Amino acid sequence: MHSSTRVGQGYDVHAFDVGDHVVLGGETIPHTQGIKAHSDGDVLLHAVCDALLGAMALGDIGMHFPDTDSKWRGADSRVFLRHLKQLLIKNQYRVLNIDTTVLADAPRLGQYRERMRTNIAADLNINLDQINIKATTSEGLGFIGKREGLACHAIALIEKV
């Protein structure tokens, strides 16, 4: 007998590049650099998408939105998340909760956290209390500590409806 509850994990990383903002959780955050990416480079939403795809055993974000397809150049990652909502419905799953950790020494994310949670909840049509976003630094260590980029881990728990 198969359990109706499934868990998936996601991870994404992007390097900083020339620019004046980053996009995280669908929010534009002013910064001294931009993100090097094919889409908008939203590591938070990419990790959430991969966590949901993993929980449904449907591959990864690169399979659904390949960076070799010019259609996705500069794409808003909220489009990806809304597509995942449709996959959840099609495969008869509902989100129980999503927990994330953004790893970034800069920019600071505290003032954007609630809007990011609101965006994710709206796009997945779930309650705000089903989304958690944590942020941490790497205490100056590694590529994150050297402010060369940022990353995100996500875990999603879903169940069959």
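Figures for the structure shown
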{"quantity": "Subset of region 84-103 [under 16 Å from the mean Cα position of the chain (by Cα) and either basic (Lys, Arg) or modelled with pLDDT under 95 (or both)]", "calculated": "Lys85"}
{"quantity": "Extreme residue, surrounded by the most Cβ atoms within 10 Å (Cβ to Cβ), among residues of region 108-135 that are within 18 Å of Gln86 (Cβ to Cβ) and of a type in the set (Gly, Ala, Ser)", "calculated": "Ala121"}
{"quantity": "Check on Gln86, more than 17 Å from Gly10 (Cβ to Cβ) and either touching a Ser or Thr at 6+ places or on another chain (Cβ under 9 Å) or of a type in the set (S, T, N, Q) (or both)", "calculated": "yes"}
{"quantity": "Residue in region 114-128 that is farthest from Asp20 (Cα to Cα), counting only those that are assigned to a helix (DSSP H, G or I) and in contact (Cβ under 8 Å) with a residue 24 or more places away in the chain", "calculated": "Leu124"}
{"quantity": "Test: residue in region 77-99 that is assigned to a loop (DSSP other than H, G, I, E, B) and closer than 26 Å to Arg113 by Cα", "calculated": "no"}
{"quantity": "Matching residues in region 129-155 - criterion: being outside any strand (DSSP E or B), closer than 15 Å to Leu109 by Cα and polar (S, T, N, Q)", "calculated": "Thr137, Ser138"}
{"quantity": "Close pairs (7 angstrom Cβ cut-off, 6 or more residues apart or separate chains): touching a residue at least 40 places away in the same chain (Cβ under 8 Å) in region 129-146, in a loop (DSSP other than H, G, I, E, B) and surrounded by 18 or more Cβ atoms within 10 Å (Cβ to Cβ) anywhere", "calculated": "Ile133/Gly25; Ile144/Ala104; Ile144/Asp105; Gly145/Asp105"}
{"quantity": "Any hit, region 97-115, residues being within 27 Å of Glu139 (Cβ to Cβ) and aromatic (Phe, Trp, Tyr)", "calculated": "yes"}
{"quantity": "Count - residues of region 100-113 that are under 18 Å from Gly34 (Cα atoms) and either assigned to a helix (DSSP H, G or I) or in contact with an Asp or Glu (Cβ under 7 Å, 6 or more places away or on another chain) (or both)", "calculated": "1"}
{"quantity": "Residue under evaluation Lys71, criteria (1) touching a strand residue (DSSP E or B) at 6+ places or on another chain (Cβ under 8 Å); (2) loosely packed, with under 15 Cβ neighbours inside 10 Å; (3) of a type in the set (D, E, K, R), criterion not met", "calculated": "(1)"}
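Here is a yes/no grid of residues against (1) in contact with a helix residue (DSSP H, G or I) (Cβ under 7 Å, 6 or more places away or on another chain); (2) of a type in the set (S, T, N, Q); (3) under 27 Å from Leu128 (Cα atoms); (4) touching a residue at least 24 places away in the same chain (Cβ under 8 Å):
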| position | (1), (2), (3), (4) |
| --- | --- |
| Thr5 | no, yes, yes, yes |
| Gly19 | no, no, no, no |
| Glu27 | yes, no, yes, yes |
| His31 | no, no, yes, yes |
| His38 | yes, no, no, yes |
| Asp50 | yes, no, yes, yes |
| Ala75 | no, no, yes, yes |
| Arg82 | yes, no, yes, yes |
| Gln92 | no, yes, yes, yes |
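The values are calculated or read from the model by the stated rules, or taken from the named source; none is laboratory data. Everything quoted here is computed from the prediction, not taken from an experiment. Heads up, the Cβs are rebuilt from the backbone with ideal geometry, glycines too, and the neighbour counts pull from every protein chain shown.
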